[in-house]
Amino acid sequence: MKALHFGAGNIGRGFIGKLLADAGIQLTFADVNQTVLDALNARHSYQVHVVGEQEQIDTVSNVNAVSSIGDDVVTLIADVDLVTTAVGPVVLERIAPAVAKGLVLRRANGNEKPLNIIACENMVRGTSQLKAHVMKALSEDDQAWVEQHVGFVDSAVDRIVPPSESATNDPLEVTVETFSEWIVDKTQFKGELPNIPGMELTDNLMAFVERKLFTLNTGHAITAYLGQLAGHQTIRDAILDEKIRAVVKGAMDESGAVLIKRYGFDADKHAAYIQKILGRFENPYLKDDVERVGRQPLRKLSAGDRLIKPLLGTIEYGLPRQYLIKGIAAAMHYRSAEDPQAQELEKLLAEKGPQATLAEISGLDANSDVVAEAVSAYNGK
Ligand SMILES: NC(=O)c1ccc[n+]([C@@H]2O[C@H](COP(=O)([O-])OP(=O)(O)OC[C@H]3O[C@@H](n4cnc5c(N)ncnc54)[C@H](O)[C@@H]3O)[C@@H](O)[C@H]2O)c1
Ligand SMILES: O=P(O)(O)OC[C@@H](O)[C@@H](O)[C@H](O)[C@H](O)CO
């Protein structure tokens with residue numbers, strides 16, 4: 001079996017790529033980071049530090065790399081059995097043209113073997129969104145061929161993987177928590193279902209996607225934003241701050257009440273799921289900066305993401321929302337000179353004020369109670 005993975009970054013090397021290589025799949029990474037590409041092609045292996053009570057160092061071997069820009073990646077898409085991505089939601093649209101070209105070449109070569117594509121991004125149905133971008137770049141005739149031969153498989157991916165602080169400045173070394181979960185929608189595959197240890201198949205993906213995104217990522221983001229406001233550098237320091245923990249736990253409980261209503265989750269099991277996640281945020285073996293977790297605030301304040309989507313659920317079901325409101329207000333205070341979306345947020349706030357800014361980013365009604373509540377919290381009232 002051959003696979004191409006877009007995005008040889010933290011989760012790409014630390015989780016998805018590792019699972020594929022460990023399963024004996026012939027794996028090629030595609031990236032735009034030439035330092036990473038050169039190191040992968042020089043060594044064809046890298047180390048994954050799995051940290052926890054017992055540190056474990058795993059070696060991932062027999063991997064190659066190509067530039068995501070150029071013909072190599074197109075040629076590979078025409079040939080491999082599986083394509084995965086971990087590039088970031090905003091990048092999916094940028095790789096779509098290469099995927100489309102690869103599918104056209106695959107058809108022209110007469111390759112009728114099934115191909116499955118799985119985006120492993122923190123978004124709801126990321127692969128379906130990638131599919132839409134790819135289809136836009138294809139003729140109707142090629143679209144029909146792709147519908148018949150290519151599966152676009154949505155997934156939920158969970159492992160906390162911060163940038164590694166390699167003592168040897170190894171650009172490939174990656175440090176990961178012990179916990180990992182990769183759940184994919186088995187109803188969307190073409191051909192036989194793959195047997196990859198660590199890949200869980202489900203016919204109920206949305207429940208798993210929303211449980212993860214709107215519990216872990218909701219709490220993570222609020223921890224980061226409140227952490228920055230309180231002057232904490234790391235997620236661990238922030239979640240150990242009792243005032244922050246109270247708001248984070250409250251918001252996860254509020255989002256959890258929506259999930260329990262929507263999917264019928266067992267309340268006690270979900271409470272335990274929340275507690276386990278809070279323990280993961282405390283992980284003393286991981287150094288995870290608030291800037292990584294708070295990155296791209298416009299994405300995280302958008303309608304379908306981890307702050308606004310749970311808030312919309314509280315409105316839909318008439319449930320409490322005070323802590324989610326505090327988290328949204330904290331997100332609006334997020335600042336980072338290195339993050340273009342944080343700079344855009346700051347510019348919008350300066351030009352339009354918090355009410356119009358939040359309405360524009362989130363899609364909420366500017367004159368709604370929730371926007372008024374968030375603006376009041378933003379203004380510190
Ligand atoms: N790190 C985590 O803890 C974690 C966990 C679960 C899910 N995720 C999700 O995984 C995705 C990647 O996150 P990450 O933390 O690994 O980010 P990252 O920045 O470490 O990795 C992204 C990689 O994509 C590469 N890239 C950028 N543009 C590209 C292109 N056009 N073609 C190919 N590669 C390109 C970058 O060079 C980088 O190596 C995001 O959607 C994120 O939300 C991350
Ligand atoms: O990757 P983002 O920017 O969507 O979110 C930052 C973190 O919350 C995220 O990367 C988590 O570490 C990950 O989702 C854990 O599974």
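For VAL83, what residues show an amide H to amide H distance below 5 Å, using hydrogens built from the backbone and excluding near sequence neighbours?
Amide H neighbours of VAL83, under 5 Å, 5+ apart: LEU4, ASN116, ILE117, ILE118.
Under a crude label model (7 Å from the Cα following the beta-carbon direction), how far is PHE179 from GLU360 in nanometres?
About 3.6 nm separates the two model spin labels.
For GLU200, what residues show an amide H to amide H distance below 5 Å, using hydrogens built from the backbone and excluding near sequence neighbours?
When sequence neighbours closer than 5 places are left aside, the close amide H contacts are TRP182, ILE183, VAL184.
Put a dot 7 Å past each Cα toward the Cβ at THR168 and GLU112; how far apart are the dots in nm?
Those two pseudo-labels are separated by 4.9 nm.
State the extension gain, in nm to one decimal, for the chain segment bounded by LYS269 and ASN195, taking 0.36 nm per residue of separation less the distance between their alpha-carbons. Walk me through the intermediate numbers first.
Working: separation 74, 0.36 × 74 = 26.64 nm, distance 2.81 nm.
Difference between extended and current length: 23.8 nm.
Give me the angle, in degrees from 0 to 90, between the Cα long axis of helix 92-108 and the longest principal axis of the Cα atoms of the chain, rounded to the nearest 10.
Compared with the principal axis, the helix lies near 20 degrees.
Using helices alone, I'd like the mean residue ellipticity at 222 nm for the chain: each DSSP H run of four-plus residues gives -39500 (n - 2.57), total over residue count, nearest 500. Please report the intermediate quantities before stating the final value.
Numbers: 17 runs with 186 residues, N = 381.
One gets -15000 deg cm²/dmol as the mean residue ellipticity at 222 nm.
Compute the helix-to-body angle for 308-317: its Cα long axis versus the longest principal axis of the chain, expressed 0 to 90° and rounded to tens.
Tilt relative to the chain: about 60 degrees.
What are the ³J(HN,Hα) values, in whole Hz, obtained from phi via the Karplus relation 6.51 cos²θ - 1.76 cosθ + 1.60 with θ = phi - 60°, for each residue of region 258-271 in sequence order, with x given for Gly and Pro?
So the Karplus estimates, Gly and Pro as x, are 5, 5, 5, 5, 6, 10, x, 4, 5, 4, 5, 5, 5, 4 Hz.
Assuming R0 = 35 Å, what is the FRET efficiency of GLU282 and ASP203, from their Cβ-Cβ distance, to the nearest 0.05? Don't jump to the answer; show the numbers that get you there.
Values: r = 34 Å, r/R0 = 0.97.
Using R0 = 35 Å, I get an efficiency of 0.55.
What is the Cα centroid distance between region 43-79 and region 286-315, reported in whole angstrom?
Taking the Cα centre of region 286-315 as reference, the centre of region 43-79 is 28 Å away.
For region 206-380, just say rounded, prolate or oblate: build the C-alpha gyration tensor, square-root its eigenvalues into a ≥ b ≥ c, call rounded for a/c under 1.5, and beyond that prolate if a/b exceeds b/c, oblate if not. Working shown, then result.
On the way: a/c = 1.83, a/b = 1.13, b/c = 1.62.
Oblate is the answer for region 206-380, as a/c is 1.5 or above yet b/c matches or exceeds a/b.
With just the Cα atoms defining each centre, how far is region 1-41 from region 186-219? Give it in Å.
Using only Cα atoms, the two centres lie 20 Å from each other.
Please work out how much accessible surface HIS232 shows to a 1.4 Å probe, ignoring ligands, DNA and RNA, in Å² rounded to 10.
Its heavy atoms expose roughly 50 Å² to the probe.
Measuring from centroid to centroid over Cα atoms, what is the spacing of region 154-174 and region 341-376 in Å?
Each part reduced to its Cα centre gives a spacing of 33 Å.
Testing the spin-label approximation: label points 7 Å from Cα along Cα→Cβ at GLU242 and GLN343. State their distance in nm.
4.1
Go through region 364-369 residue by residue and turn each phi into a ³J(HN,Hα) via Karplus (6.51, -1.76, 1.60, θ = phi - 60°); whole Hz please, and just put x for glycine and proline.
Using θ = phi - 60°, the values come out as 5, 5, 4, 9, 7, 4 Hz.
Find which of THR175, MET199, ILE235 sits farthest along the positive direction of the dipole of region 172-325, computed with +1 on the beta-carbon of Lys and Arg, -1 on that of Asp and Glu, about the Cα centre.
Toward the positive end, the furthest listed residue is ILE235.
Quick one: helix 340-362 against the long Cα principal axis of the chain, what's the angle to the nearest 10°, folded into 0 to 90?
In the chain, helix 340-362 runs at an angle near 50 degrees to the longest axis.
Set the Förster distance to 35 Å, then compute FRET efficiency between GLU140 and GLU53 from the Cβ-Cβ distance, nearest 0.05. Write down the numbers at each step before the final one.
On the way: r = 56 Å, r/R0 = 1.59.
It comes out at approximately 0.05.
Once phi is turned into θ = phi - 60°, what whole-Hz ³J(HN,Hα) does the Karplus curve with 6.51, -1.76 and 1.60 give for every residue of region 116-123, x standing for Gly and Pro?
Each residue of region 116-123 in turn: 10, 10, 10, 7, 10, 10, 7, 7 Hz.
Mind putting a number on the dipole of the chain about its Cα centre? Charges go on the C-beta only, +1 for Lys and Arg and -1 for Asp and Glu, and I need it in Debye to the nearest 20.
On the way: 39 positive and 51 negative charges, 106 e Å.
The calculated dipole for the chain is roughly 500 debye.
The values are calculated or read from the model by the stated rules, or taken from the named source; none is laboratory data. Small disclaimer: the values here were computed from a predicted structure and weren't measured. We place every Cβ from the backbone using ideal geometry, glycine too, and count neighbours over all the protein chains shown. These accessible areas exclude ligands, DNA and RNA; they are computed on the full protein's heavy atoms, side chains included. Shrake-Rupley method; radii C 1.70, N 1.55, O 1.52, S 1.80 Å.
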